[in-house]
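Let me begin by presenting the structure, written as structure tokens, before commenting on it.
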Amino acid sequence: MTFFQVAGMLGRGGSRAERARARLVAAGAALATCFLFGAANVLTLNGQLDDRLGPIANRGTRPGVAFAFGLMILPVAAFLYQTGRLASADRERRLAALRLAGATPGEVRLLGALETTRSAALGTVCGAIAYVLLEWSIRGLLLHLPTTAAGVPPVPGLAAMALVIAVATVSGLLAGRHVVTSPLGVIRRATRRPPGRYVLLVPVLGCIPMVALVVGVQMPYRPFAILLGAGLSAVGLMLSASRLVWASARIAGRRARSAETLLAARALEADTRPWGRTMSILGLAVAIGSGTGWIQAGFMDARHTLDPFWLTSFTLVDLALLVGMAVAAAALITHQAEYLMEHGPVLATLRAAGVADGELRRVLTRQGIIAAVLPCSVAALIGLLPLARALHNETWALWPVTNAVLMAALGVLAATLATKASQHRLQRAVSPGRLRTE
Amino acid sequence: MTLLEARRIEKAFGRTRALRGVSVAIGSGEIVAITGPSGSGKSTLLHCLSGIMCPETGEVHYDGRRIDTLDEAARTRLRREAFGVVFQFGRLVPELTAAENVALPLLFGGNGREESATVARAWLERMDALDVADARPGELSGGQLQRVAVARALVTGPKVVFADEPTGALDSVAGERVLGLLLEAARVNGSTVVIVTHDNRVAAHADREIVVRDGAAAGVVV
Amino acid sequence: MLDRLFIECIFACMSTGHILLGLLTERPKHGYELKREHDDRLPGVKPIAYGQVYATLQRLERDGKVAVSGTAKEGGPERTVYEITGDGADEVHRWLAEIEPPAPYVSSALFVRVVLALIAEGTADGYLLRQRAAHLERMRELTARKNTAGISAGELLATDYALYHLDADLRWLETARQRIDELTQEIRT
Ligand SMILES: Nc1ncnc2c1ncn2[C@@H]1O[C@H](COP(=O)(O)OP(=O)(O)OP(=O)(O)O)[C@@H](O)[C@H]1O
Ligand SMILES: [Mg+2]
């Protein structure tokens, strides 16, 4: 039997949960394809278009829009990675028999990647079709533009599809890394060190030029320094998200007065990275969202009105941030599912000892809150920095601050909602049947 | 005086009839072993007696109250207040230290962190496991795990302790030690103990044996 | 009371001569001391008669395994003290190097009863349950004895020994029940 035959055979097997996960991978791939198509589409537009299209209408802002579309890949990639991990854990359980029969972990991982690739390919095609239909209908029906104006150019479009599939395959291969499987199907995460503390220096470094600006220090190459500072802060924020999550988990664990907080904090501390990944994306969205507050305030300060162009621009940015946050937070749902699967027998035992379902649900929610509060607050602060002091009328400064608080709250809310969304699994995870299994 | 009683209870999982009309009565302060071959329904009986599950027919009474008709919340409260449980593999929360695991039921009961920690340590000392108080479950041996699990089950001073194969994963000397500490502490507490086991030497620690065969109590050996 | 059946089994497997020689390896002792130590340190083993100690010592002396090393007088009558000779020590160590032959034959009364119950009554279920109850009751007594304070190491070991053998019987009884069940099922279908 060839390798591919085996892959095909195994592709047909699998539980309901695994098929659900395959659909999640496909959905992620479809979303990624749509974003890339959007970027390609915007870049091929030419000439000035209707102002209501906002930044898309203007030739000068189109590359920015394309870049934003590109950025939207980040949460999708994080989502795909997390889903891939969960799927691989499940699959390895199923393929444990194959391991017993002598397959190497590498082969099992390759089989996993192939399954991911298949789902991703399916999702990509669906995404492409959906995008083309959507774009065509918007263009033709809503905007009454000539249908010949532009579309997704075929070559970049195909390239984008290939890219999505390749990324999914690679993330499928990487996803199996931290899962240790024995032929007997026992899965546990390899013990790992806490995330390093020195990454915290990167955002601090990035903040220096911005703080200097706020304080009013004269700088050589000012725009360049600020751009560098903003870039460093953003990248640094993403890099240090894991450490921030870990730190707040540790503090919460020490200070916890209730059992729920203690359990939540310790679970977070033991397995920070999936949260860190999500929080890096959520944090970036919060930082950007908090930064836009200054632009909006500056704008109102200067002109006191919003024309359709800017209104659309701001709305689009907020929409993009919301979508990004939602997708990033959705990755948490799959992570919580993994937590519940792993801790099922332990939680079932606590339940047998008289811990109420509501208390166990609170453990899940508090994980979200503990993980999100610190990174989101830091992100909102960082987002507030770069454009400070650009206003004439100080009262307008109220908006960016309010906006930053709102954005941080939104980030925490997204994480908490994600944990709430996985609570329906709790019932099954802690059923008395789980007391019987090792 | 009868503390815990099952009357002709039946429980099925799909087409498997795990319990087919079991009646047992357990007195206050008694130490009872439930024995029987694999798959005979011992664990299911324990789960029904302890209010973790409800039988489909029949009645379960605890302390003069019928508990199988209580809703989930009421049974949860009962388990928390009156029962303690120990299972085969310890089942401690892997991210917490041994002492924190023992303190957990107290914390859930609304006690303060320091106060719970002190009581937990005292129980670990009674269970001869104070030396591993700050270790995580992953670092403990099977015997140590079970002693910590016993401490966790007893820390709230339960009226009844339910143990399902508490020594099943241990060798006989370690098992005897765990069992000895469990029964000693239960005697001091005045707790009733229900042990599910298929080890006759464990059953010999009990005052009485209930033999379950094919989902029915075959012989209640007094 | 400890279970005579098993103790007699232990006893049959070794000779009094070897036991006395073993006790003498510590230091020279007189006959009465040997009897007392025999009974204390091998609890559950049938107490030895003083006459038998005396006779055995004389046999060992004749064979050159022990020698008279003097007399002792502590309050009571004067007693002959024996010490072990080089030959005797060799004999003990040679004996300890041997093993007991594992008994491959079934000699248990339980077995006979189960088979006869099947023949005469068509079922052994009732007997098996009653026997189980009796065995477990005895195991309970032994377990209780193990848990009494100040139990000696020898007594502990002897109790464990008895417990394990009763446990083996019980497990055999349970297996017998399952086997008989299976066989009856087979015959019916
Ligand atoms: N949650 C469940 N789902 C399906 N079947 C179950 C479930 N729980 C128990 N059973 C079945 O009910 C019967 C009795 O199970 P139970 O676990 O009570 O036996 P047991 O006596 O504890 O066995 P063991 O000594 O192996 O632990 C078995 O046939 C088992 O397969
Ligand atoms: Mg069981």
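Readers should treat all values here as calculations from the given coordinates under stated rules, not as data from a laboratory. Small disclaimer: the values here were computed from a predicted structure and weren't measured. Note that each Cβ is placed from the backbone with ideal geometry, even for glycine, and that neighbours are counted across all protein chains shown.
Across the range B:182-190, rounded Karplus estimates of 3J(HN,Hα) from the backbone phi angles (6.51 cos²θ - 1.76 cosθ + 1.60, θ = phi - 60°) give 4, 5, 4, 5, 5, 4, 4, 5, x Hz, Gly and Pro being marked x. Relative contact order, whole percent, for chain B stands at 29, derived from Cα pairs under 8 Å and 6 or more residues apart.
Each residue of the range A:260-269 is assigned a 3J(HN,Hα), and the resulting list reads 4, 4, 4, 4, 5, 5, 5, 5, 5, 5 Hz, derived from the Karplus form 6.51 cos²θ - 1.76 cosθ + 1.60 (θ = phi - 60°), x at Gly and Pro. Compared with the dominant Cα axis of chain C, that is its longest principal axis, helix C:109-121 is turned about 20°.
Pairs of Cα atoms nearer than 8 Å and 6+ residues apart set the relative contact order; for the range A:245-292 it is 36 percent. Could you please state, rounded to a whole Å, how far the C-alpha centre of the range A:198-225 is from the C-alpha centre of the range C:35-84? Rounded to whole Å, the Cα centres lie 98 Å apart. Would you please name the trypsin sites (Lys or Arg not before Pro) within the range B:22-112 that are DSSP coil residues with at most 15 other C-beta atoms within 10 Å of their C-beta? Nothing satisfies the criteria.
In the structure shown, the pairs C:Lys29/C:Lys65; A:Lys420/B:Lys159; B:Lys42/B:Lys159 are assessed against 25 Å; a Cα-Cα span above that value is assigned to A:Lys420/B:Lys159. Count Lys and Arg as plus one, Asp and Glu as minus one, and take only other residues whose Cβ is under 12 Å from that of B:Leu183; the net charge is then -2. One equal scatterer on each Cα of the protein assembly as shown, no solvent, Debye formula: the resulting log10 I(q)/I(0) at q = 0.09, 0.10, 0.11 Å⁻¹ is -1.02, -1.14, -1.27. Translational diffusion coefficient of the range B:15-60 (Stokes-Einstein, Kirkwood radius from Cα pairs, 37 °C, 0.692 mPa s): 282 µm²/s. Okay, helix-only estimate at 222 nm for chain B: each DSSP H run of n ≥ 4 adds -39500 (n - 2.57), divide by all residues, round to 500 deg cm²/dmol; what do you get? Value at 222 nm, helices only, nearest 500: -11000 deg cm²/dmol.
By the compact-protein rule of thumb, 2.2 N^0.38 Å, the alpha-carbon radius of gyration of the range C:109-188 corresponds to a ratio of 1.38. Under 5 Å from the amide H of C:Val66 lie the amide H atoms of C:Glu61, C:Thr85, each residue being 5 or more positions distant or on a separate chain, with H modelled from the backbone and absent for Pro and chain starts. By the beta-carbon count within 10 Å of each Cβ, the least crowded to most crowded order of A:Leu332, A:Leu360, A:Leu319, A:Leu417, fewest first, is A:Leu319, A:Leu417, A:Leu360, A:Leu332. Tell me the relative contact order for the range C:26-131 as a rounded percent, counting alpha carbon contacts under 8 Å between residues six or more apart. Worked out over the range C:26-131, it gives 20 percent.
Quarter the surface of the alpha carbon convex hull of the range A:310-438 and you get the mean projected area, 9.7 square nanometres.
Listed by Cβ neighbour count within 10 Å, with the fewest neighbours leading, A:Ser119, A:Ser248 appear as A:Ser248, A:Ser119. Put a dot 7 Å past the Cα of C:Arg27, heading toward its Cβ, do the same for C:Ile151, and the two dots end up 3.0 nm apart. Projected over all directions and averaged, the alpha-carbon convex hull of the range A:201-313 occupies 10.2 nm². The residues packed around A:Ile369, meaning those with a beta-carbon under 14 Å from its beta-carbon, carry a net charge of +4 if Lys and Arg are +1 and Asp and Glu are -1. Annotation: amide H of B:Ala217 within the under-5 Å range of B:Ser23, sequence separation 5 or more or interchain, hydrogens built in the peptide plane. Rg/Rh, computed from the Cα trace of the range C:5-97 with Rh as the Kirkwood radius, has the value 0.96.
Under 5 Å from the amide H of B:Val86 lie the amide H atoms of B:Phe162, B:Ala163, B:Asp164, each residue being 5 or more positions distant or on a separate chain, with H modelled from the backbone and absent for Pro and chain starts.
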